[in-house]
Amino acid sequence: MEVVNTLGRRKKSIARVYLSAGKGEITVNGKDMKTYFPTIGLQYRLSQAFALTETTGQYDVKVNVQGGGITGQAEAIRLGISRALVEINAENKPALKAEGLMTRDPRMVERKKPGQKKARKKFQFSKR
């Protein structure tokens, strides 16, 4: 099997995922997954697609991710891994789609408006 290349995005994070046959090692920006994502919740998000498709330990994942925070990066990687698993085997798609892993989350940070403190928050109003 050759290397499968996919892309995942979330907020400002962009993840380039390279999936190849292997022992189940996940490398993010040249580091091990457990050192790059220290919390268990973020580590779970990365391995969630493998658990749903029952392919844990069958593929090595190499990821280049940039932009955003660690949560956005983890979810961008999750989308990239899900897309790669569907590219390898189309029968994985219904299980991943049912859990919402095939959907690109379109929510972005709302822009700050002029004359306001933040996107929605206003400056304090003084009547007198």
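Label-to-label distance for ASP32 and MET108 is 3.7 nm, based on points extended 7 Å past Cα in the beta-carbon direction. In plain terms, the residue of TYR44, TYR18 with the fewest other Cβ atoms within 10 Å comes first and the most crowded comes last, giving TYR44, TYR18.
For ARG128, ARG104, ARG16, which order do you get if you count the other beta carbons within 10 Å of each Cβ and list the fewest first? Kindly include the intermediate steps, with their values, before the conclusion.
Values: ARG128 2, ARG104 12, ARG16 16.
So the ranking, lowest neighbour count to highest, is ARG128, ARG104, ARG16.
With contributions of -39500 (n - 2.57) from each DSSP H run of at least four residues, the per-residue ellipticity at 222 nm computed over the chain stands at -10000 deg cm²/dmol. Specify the angular offset, from 0 to 90 degrees and rounded to the nearest 10, of the alpha carbon long axis of helix 40-53 from the longest principal axis of the alpha carbons in the chain. On a 0 to 90 degree scale, this one is about 50.
Between the helical axis of 70-88 and the longest alpha-carbon principal axis of the chain there is an angle of about 40 degrees.
Values quoted throughout were computed directly from the atomic coordinates according to the rules given, and no laboratory measurement underlies them. Everything quoted here is computed from the prediction, not taken from an experiment. FYI the Cβ positions are ideal-geometry reconstructions off the backbone, even for glycines, and counts take in every protein chain you see.
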